[in-house]
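Quick notes on the structure that follows.
The values are calculated or read from the model by the stated rules, or taken from the named source; none is laboratory data. Not measured: the values here are computed from a predicted model. Neighbour counts are summed over all protein chains in view; Cβ atoms, including those assigned to glycine, are modelled from backbone coordinates with ideal geometry.
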Amino acid sequence: MKTRKAGCNKMRVATLSSLFATCAAGVLLSACGGGESVAASNLVPAADASNKCDDSRDNNGNSRRCPVALTCDNSMITAFKPDANTTVTLVKAFKKGDPLALSGTPATPAPPIALNDMCLVKLTIGPGNPGPAGALSTSSGIHVEIWLPSPAKWNGRIHNVTLGGFGGNAIIGNTTLITTGTAPFLTGVTWGIAMNEGAVSAVNDGGHADPAGTGSFAMNPDGTINSTLWTDVSTRATHEMTLKTKALVKAYYLTAQSFAYVDGCSGGGRQGFAEAQNFPGDYDGILAGAPSIAQTRFFPADLYPGFVQLKDLGSYTALTPGQLALVSGAAVSACDTTLTGQHDGYIADPTRCTYDPTIDPTVLCTASGGTNTTANCVSMAQANTFNKAWYGPTSDGTAPGPVADNGVNIFRSPEQLWWGMPRGTKLSTALNFQLSKDQIALNLQNSLYARPAFMNATGNGQDGWMNLSYGGFADQLAQGNGLNTAFADIDTENPDLSGFAAAGGKMLSYHGLSDPLVPQAMSSKNYYEKVSDLTGGYSGTQRFYRLFLIPGMGHCSGVGSENGTASPPANPPLLQGTQAYDALTAWVERGAAPSTITVTTVDGTRSRLLCMYPRKLKYVGGDVNAAASFTCS
């Protein structure tokens, strides 16, 4: 078990009970409560006997003064200077009972109230990227927001969080706080973690700001690759946040943290992988949900269901919401009994589902040989678009019959350029994923291929992706993959985690099997297999990295499945509150490596086991709603 020392005194970290709360827009707070407080007197590091910091003097007659802790006021602006690139831009002390608001914070919804004393510090870490004022490729640097509990409430941990998508959360400014769900796929809110869990918590904006959340930052006004900001968003922003958080902790508490964790999902999960690959000593534990590795390919592939409709049916949104729900629901009803023989309402094992709407009369219109007479029936051509969307991109737009190849393979066939959407998934989610269009423009190095919100001096986005052929779509995937090095290794696929393992780090990753944005969890499986090839097999990898696949879960959280006509409402048991984070801290701090995780539904009516990959859930008999009726085999 790995431990950290504060001076000569080992910090005591109690097991934290699970507690979660939601903010105004429903963002989950990674907020553990009930931790043992560390007395302020215990935070002063023990001094070496040969260099006591008291009123004595050294051999040269100089006073050996004890270090003075930073205070939560404007004196920190000049006192905290870890390097020439770092500037403190704001310091604000909040007392218990204060509203968590700054000048400019909206009055509605009402800001939350501080339950404990906290200190907010905002940093800008240069050098940024110079350029014309107003250009989204121009940046003053990486912006970081750090929340520090009072010394009496600090639990000795750092628990940093990371943003999803391209990052670029513009509200990490000097007049607003992260209090709403505008940060995509954020699994923890920094003020909530500091207030309720008692850990220091920081978040960064990836080195750029864009209220629309586009990929505009990655292209210079002259159309060239913005290598500086690609580097910031890919690796540097989170690493610099980590270094500065640790430096501030030591200056504020006069002792180092006992343990450091980073927690994120989607793009945030990718940043966790980037940390393990590039800066293996930064964190003791990494929680990486639905990591968006291989971004140059999976971002555009998310657009493929709409692209197929455009090419084959004449419109990006040719299929109505009713048709999407009908066919996806039918897939659920056809495949949700494979685990227990009873309908679950979601597909527990996508690898066993070969549902094919082209031979299902219950969804086909009568004109296509089916029996469905409703307005939501689909033609044979429309049914084929589902098979293509579920299989994923190919160079000619074809897809094999699902019985021959359902597309759910750890290693893709040569014709399958990327994985498609999971059968039974809410395809409407992928259709609304706008970053796909921006990534196509970046892959092709032509801003006109992006959506209109993409702003660049060489031309704003004009949805030029719609003019691509199937072959052109395949070419941009290959070109993006080829530009990965120029994009500062944004794909984050290096399977060599030997440095992270040697440093004693632990990584816990999870991925929903009904995820429509990072599809099928296949990229996570594929990456895990490659890591295991380098570590001598699964047992070698499981010493430091464990993967859990979650049936029925969508992207990062929630239900990702449509309801089937023969199925009950989808209500899969999912991770609740800080359950995954608690499992990670128990592994890091007590050596309790998780092999299974028992999850429940929100209403507590059903429980199941999550199995550590590559094990799968097996029903052994009994109540299908009880975890005790299952095993991992």
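Quick look at the numbers
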| quantity | calculated |
| --- | --- |
| Top-ranked residue in region 320-349 [being surrounded by fewer than 24 Cβ atoms within 10 Å (Cβ to Cβ), in contact (Cβ under 8 Å) with a residue 60 or more places away in the chain and of a type in the set (S, T, N, Q); ranked as nearest to residue 360 (Cα to Cα)] | 333 |
| In region 93-108, the residues that are surrounded by fewer than 12 Cβ atoms within 10 Å (Cβ to Cβ) and farther than 20 Å from residue 203 by Cβ | 95, 97, 103, 107, 108 |
| Residue match in region 579-592 (condition: touching a helix residue (DSSP H, G or I) at 6+ places or on another chain (Cβ under 6 Å) and more than 30 Å from residue 284 (Cα to Cα)) | no |
| Within region 434-485, tally of residues that are assigned to a loop (DSSP other than H, G, I, E, B) and within 21 Å of residue 135 (Cα to Cα) | 17 |
| The listed residue being under 30 Å from residue 241 (Cβ atoms) and either at pLDDT 95 or above or outside the structural domain of residue 165 (by TED's automatic domain parsing) (or both), out of 329, 289 | 289 |
| Helices (runs of 4 or more DSSP H) (entirely within region 289-398) containing at least 2 residues that are of a type outside the set (Val, Ile, Thr), farther than 30 Å from residue 507 by Cβ and touching a Gly at 6+ places or on another chain (Cβ under 8 Å) | 304-313, 321-335, 380-391 |
| Candidate set from region 72-92 (those that are within 23 Å of residue 140 (Cα to Cα) and among the charged types (D, E, K, R)); member that is surrounded by the most Cβ atoms within 10 Å (Cβ to Cβ) | 92 |
| Residue match in region 379-390 (condition: buried (at least 17 other Cβ atoms within 10 Å of the Cβ), in contact (Cβ under 8 Å) with a residue 60 or more places away in the chain and of a type in the set (A, V, I, L, M, F, W, C)) | yes |
| Residue count for region 428-472, restricted to those that are touching a helix residue (DSSP H, G or I) at 6+ places or on another chain (Cβ under 6 Å) and aromatic (Phe, Trp, Tyr) | 3 |
| The lone exception for residue 452 - which of (1) farther than 19 Å from residue 296 by Cα; (2) in contact with a Pro (Cβ under 9 Å, 6 or more places away or on another chain) it fails | (2) |
| Residue that is surrounded by the fewest Cβ atoms within 10 Å (Cβ to Cβ), among those in region 505-549 that are within 20 Å of residue 581 (Cβ to Cβ) and polar (S, T, N, Q) | 542 |
| Pairs with Cβ under 7 Å, 6+ apart, first in region 77-95 and in contact (Cβ under 8 Å) with a residue 60 or more places away in the chain, second of a type in the set (S, T, N, Q) | 89/124; 89/174; 90/174 |
| Residue check for residue 317: under 26 Å from residue 630 (Cβ atoms) and either touching a residue at least 40 places away in the same chain (Cβ under 8 Å) or of a type in the set (S, T, N, Q) (or both) | no |
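Table: residues versus (1) out of contact with any strand residue (DSSP E or B) (no Cβ under 6 Å at 6 or more places or on another chain); (2) under 23 Å from residue 433 (Cβ atoms); (3) among the aliphatic types (A, V, I, L, M); (4) crowded, with 24+ Cβ neighbours inside 10 Å.
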| residue | (1), (2), (3), (4) |
| --- | --- |
| 258 | yes, no, no, no |
| 262 | no, no, yes, yes |
| 269 | no, yes, no, yes |
| 272 | no, yes, no, yes |
| 279 | yes, no, no, no |
| 291 | yes, yes, no, yes |
